[in-house]
Every structure is written in C-alpha cells, then in structure tokens.
Amino acid sequence: MSAFFEERVLSVHHWTDTLFSFTCTRDPAFRFKSGQFTMIGLMVDGKPLVRAYSMVSGHWDETLEFLSIKVQDGPLTSRLQHIRVGDTVLIGRKPVGTLLVESLQPGRNLYMLGTGTGLAPFMSLIRDPETYEPFEKIVLVHGCRTVDELVYEDLIKDELPHHELLGELVQEKLVYYPTVTREAYAHQGRVTDLIFNGKLPADLGLPAVDREQDRIMLCGSPGLLADYGAWLKANAWVEGTNTHRGEYVIEKAFVER
Ligand SMILES: Cc1cc2nc3c(=O)[nH]c(=O)nc-3n(C[C@H](O)[C@H](O)[C@H](O)COP(=O)(O)OP(=O)(O)OC[C@H]3O[C@@H](n4cnc5c(N)ncnc54)[C@H](O)[C@@H]3O)c2cc1C
C-alpha cells in the first residue's frame, strides 16, 4: 500500500504573493487529531515530493484544507502554488504532531501563539468543540509582517461565531488577537514581546500569563521558538508530551534548510 492517499483539489485561494490555501477530497480512512500535521505534496518525475503540512480543516470535515507558503525556489511550493481544481495531491497516511490539547493540563486561559503559516494547526483546533472544554478562554494570537498576511481573519471574526455547531462556544470562549510587525494596525508587535511584556493580556482585559493557571501552544519560525523556548524554560514551564500533560506544547512552523 502506498504511504499516500491521492486526493483531488477542490478549490484554491491565493491570499497574497506568498500565501495560498487549498481544499481537497478526503479519504474516509484518513483520520487525524486537531493540531496534527502530515506529509503532503505532488508526484514529480514519478516520485513523491512531500513536506510537512498542518491540517487547517476540522477533524470532522468531509474535505481537507491546507494553508501554504510560496517559496519561489522551494522544491515543493514552487510547484504546489500552481495547482488547479481537479489536480491530484498526495496526502500522507500518518498524521503526527505535538500541538494536542490532550498533552496539556486543563487550565484557565489557553494561549495559541502562531506566526505566519503557524496559524494553520490552530485553525483545526478552534474548529474542534473539545478544544474549548478544559479552558475558560482560548486566546488565538496570529503574528504577521503585514495586514494582508492575516489570513482567515474574516472566518475567525465573522463566520465561526455564527457556525451552527461551534457558534456558541466561539462567542463565549474564543478571543482573537491579530498582530502585525511592519505596518500600522490595531495591534502591533512581535508575539513574543507582547507576551513577555504583558501587553497582550492587558489589551484583552485578561490577567497576566501565569504558569500555574494558563497554558500555551506555540507554532512559529525557528527563531520565535528559540526565543520563546528559552523564556518558558527560564520561567520553569513544563513541556507537555504524549505521555505527560504539561503547561505548554511547541511545534516548528517550518525548518531552515
Ligand atoms: C511540523 C511542520 C509543519 C509545517 N506546516 C506547514 C504548513 O501548514 N504550511 C506551510 O506552508 N508550511 C508548513 N511547513 C513547512 C513545509 O514543510 C515546507 O518547508 C514548505 O512547504 C516549503 O517547501 P519547499 O519544498 O517549497 O521549500 P523548503 O526547501 O522546504 O523550504 C525552503 C525555505 O523556505 C522557508 N520556509 C519554508 N516553509 C516556510 C513557511 N511555512 N513559512 C515561512 N518560510 C518558510 C525556510 O526558510 C526554508 O529554509 C511545516 C513544517 C514543519 C516542520
């Protein structure tokens, strides 16, 4: 059996020159937990060319959705950015990942901190009613360079609160905090700085982030993870794993090659 499902592209949306998303069919045998990623890609010269991608869609959704960067000389995305409806994409059969609610101790507020395409796993998580259960608030923070990179903003702000099944939970518990570093915007600054200096919780009228009560999920660039990982360790936060629930979980949004 091949390691990949062959799925058909159903829609493609280009957000900016560097970001696009697409949906595709989903084999009923493909099951994943909210927050996981799998290897996806294309057949190139008769061989699979695949990279890690987080699922954006809900685990209950009949179709799959992915958010992708466009790296102009990137082996995969220089090609993937040209996919069209009806094309075939490869979807790895074995989803994995650390950004799981089950790896966290229940708590007061769960901060989901994502930069760039690091938003992707959180899109799947906020579409899962079970994400909301152990927490009072889910604070979704998306950091980008420019305003047009704040993908899914309308869906988060306008659609999810009116969703048939999720609407009530989203209205009661989801707080969205988009922030931009290189343009004027309602919220400005790096995700890390905004947490370190306490501005973000203060802006939202929430108490300062507290290891005893709050939980963190982090998905961003290697640089962000290094900064934040050092801060968490220095402040004695315990990392959650498959076997031990902790106070935070972390995943790279990409690796530098
Ligand atoms: C756990 C995990 C989950 C991932 N999930 C996603 C996802 O949901 N969406 C997604 O677009 N990518 C994701 N990536 C990155 C993805 O696997 C590929 O690196 C990306 O698709 C580019 O592939 P490529 O072959 O074109 O270029 P690569 O050779 O893979 O990358 C070339 C360079 O582009 C830069 N780069 C790669 N990916 C990104 C990115 N996402 N944002 C900013 N710069 C980047 C890096 O500097 C890298 O060195 C994930 C990576 C990991 C490790």
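The values are calculated or read from the model by the stated rules, or taken from the named source; none is laboratory data. This is a predicted model, so every value here is computed, not measured. Methodologically, a virtual Cβ is constructed for each residue, glycine included, from the backbone with ideal geometry; neighbour enumeration extends over all protein chains shown.
Results, tabulated for the structure shown:
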| quantity | calculated |
| --- | --- |
| Residue in the range 85-97 that is under 16 Å from the mean Cα position of the chain (by Cα), closer than 21 Å to PRO201 by Cβ and hydrophobic (A, V, I, L, M, F, W, C) present | no |
| Residue that is under 26 Å from THR23 (Cβ atoms) and buried (at least 18 other Cβ atoms within 10 Å of the Cβ), where the choices are VAL170, VAL180 | VAL170 |
| Any hit, the range 109-120, residues being within 15 Å of the ligand (Cβ to nearest atom), under 14 Å from SER21 (Cβ atoms) and either of a type in the set (A, V, I, L, M) or surrounded by fewer than 21 Cβ atoms within 10 Å (Cβ to Cβ) (or both) | yes |
| Some residue of the range 162-172 being over 15 Å from GLY58 (Cβ atoms) and not acidic (Asp, Glu) | yes |
| Any hit, the range 193-213, residues being within 16 Å of the ligand (Cβ to nearest atom), touching a residue at least 24 places away in the same chain (Cβ under 8 Å) and crowded, with 20+ Cβ neighbours inside 10 Å | no |
| Hits in the range 85-108 (condition: more than 10 Å from the ligand (Cβ to nearest atom) and touching a helix residue (DSSP H, G or I) at 6+ places or on another chain (Cβ under 6 Å)) | VAL101 |
| Among residues of the range 242-257, those that are at pLDDT below 95, within 18 Å of the chain's Cα centre (by Cα) and more than 11 Å from the ligand (Cβ to nearest atom), counted | 0 |
| The range 229-249: number of residues that are closer than 18 Å to ARG108 by Cβ and either loosely packed, with under 14 Cβ neighbours inside 10 Å or of a type outside the set (A, V, I, L, M) (or both) | 8 |
| Members of the range 17-29 that are in contact with a strand residue (DSSP E or B) (Cβ under 6 Å, 6 or more places away or on another chain) and of a type in the set (A, V, I, L, M, F, W, C) | PHE20, PHE22, CYS24 |
| Residues of the range 25-84 classified as loosely packed, with under 14 Cβ neighbours inside 10 Å, of a type in the set (Gly, Ala, Ser) and away from the ligand (no atom under 13 Å from the Cβ), total | 2 |
| Some residue of the range 161-169 being under 16 Å from the mean Cα position of the chain (by Cα), away from the ligand (no atom under 15 Å from the Cβ) and over 18 Å from TYR53 (Cα atoms) | no |
| Tally, over the range 108-147, of residues that are in a helix (DSSP H, G or I), under 24 Å from SER68 (Cα atoms) and more than 13 Å from the chain's Cα centre (by Cα) | 2 |
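Conditions (1) under 30 Å from LEU166 (Cα atoms); (2) free of Cβ contacts under 8 Å to residues at least 60 places away in the same chain; (3) touching a strand residue (DSSP E or B) at 6+ places or on another chain (Cβ under 6 Å), marked per residue:
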{"site": "PHE5", "(1), (2), (3)": "yes, no, yes"}
{"site": "ARG8", "(1), (2), (3)": "yes, no, yes"}
{"site": "TRP15", "(1), (2), (3)": "yes, no, no"}
{"site": "LEU42", "(1), (2), (3)": "no, yes, yes"}
{"site": "GLY46", "(1), (2), (3)": "no, yes, no"}
{"site": "LEU49", "(1), (2), (3)": "no, yes, yes"}
{"site": "GLU65", "(1), (2), (3)": "yes, yes, yes"}
{"site": "LYS70", "(1), (2), (3)": "no, yes, no"}
